Amino acid sequence: MEQAHKLAHSLLADILPRRWAHCQGVAAAASRLVPVLERDGEALLQAAVLHDIGYSPAINTTGFHPLDGARFLREQGQADDLVVRLVANHSFALLEAEERGLRGELESAFPLPEQTELVDALVYCDMTTTPDGARTTCGERISEIVSRYGADSVVGRFIRRAEPEIRAAVGRVEERMDRRR
């Protein structure tokens, strides 16, 4: 986890401090989920802190941060395959990739991990954390994203398409958390 934290910090903290705050908040949410996961808690923690590194101008090549971040991690050998695939597919990125004409590329290079509980957990962490790293509800987060990007933007269209899946994933994680209490 320490290496992932240092890498994300180096790529985001100075140039994109708000994005860095978000990644730290997502990692904090992940740390609260580790006890309810059956396995792969370390992979979730690493993916949480790394999930938005593709926004860094130093590695942004396509303009699609999940793909750019995953490519960088794979090319640099900075994370294992599960973490790379979680970064590539975080928060239903395949739907946004489709909007951008990149679905085939993302899907073939970085298949969705089979560990659905980890995929859901990363969605939960990302979609219940504000851009400033604070906790929020997934409904408020979706509204904030649409407001920030605009309803007719690529991101606005994607997030509205993904909303039912996001809410379902968050719901599954909350059920798991409730059963553990």
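Here are a few things to note about the model shown:
- Estimated inter-spin distance, Arg32 and Thr62, nm [label 7 Å along Cα→Cβ]: 3.2 nm
- Accessible surface of the chain [probe 1.4 Å, protein heavy atoms]: carbon and sulfur percent: 49 percent
- Whole-number D in µm² s⁻¹ for the chain, Kirkwood Cα-pair radius fed into Stokes-Einstein, 4 °C, 1.567 mPa s: 81 µm²/s
- Measuring nothing but how far apart in sequence close Cα pairs (under 8 Å, 6+ apart) lie, relative to its length, the chain scores a relative contact order of 22 percent.
- Qualifying GluC sites (Glu not before Pro) in segment 59-138, DSSP loop, other Cβ atoms within 10 Å at most 13: Glu114
- In this rough spin-label picture, where each label sits 7 Å from Cα along the Cβ direction, the Arg103-His5 distance is 3.9 nm.
- Length added when fully stretched, Arg39-Ser147, from 0.36 nm per residue minus Cα-Cα: 35.3 nm
- The residues of the chain have, on average, 46 Å² of accessible surface per residue, using a 1.4 Å probe with all protein chains present.
- Taken as entire DSSP H runs, the helices of the chain never both span 20 Å or more between Cα atoms along their own long axis and average 1.0 or more on the Kyte-Doolittle scale.
The values are calculated or read from the model by the stated rules, or taken from the named source; none is laboratory data. Not measured: the values here are computed from a predicted model. Glycine gets a Cβ as well: all are built from the backbone with ideal geometry, and neighbour counts include every protein chain shown. In case anyone asks, the SASA skips ligands and DNA or RNA and just uses the protein heavy atoms, side chains included. Shrake-Rupley method; radii C 1.70, N 1.55, O 1.52, S 1.80 Å.
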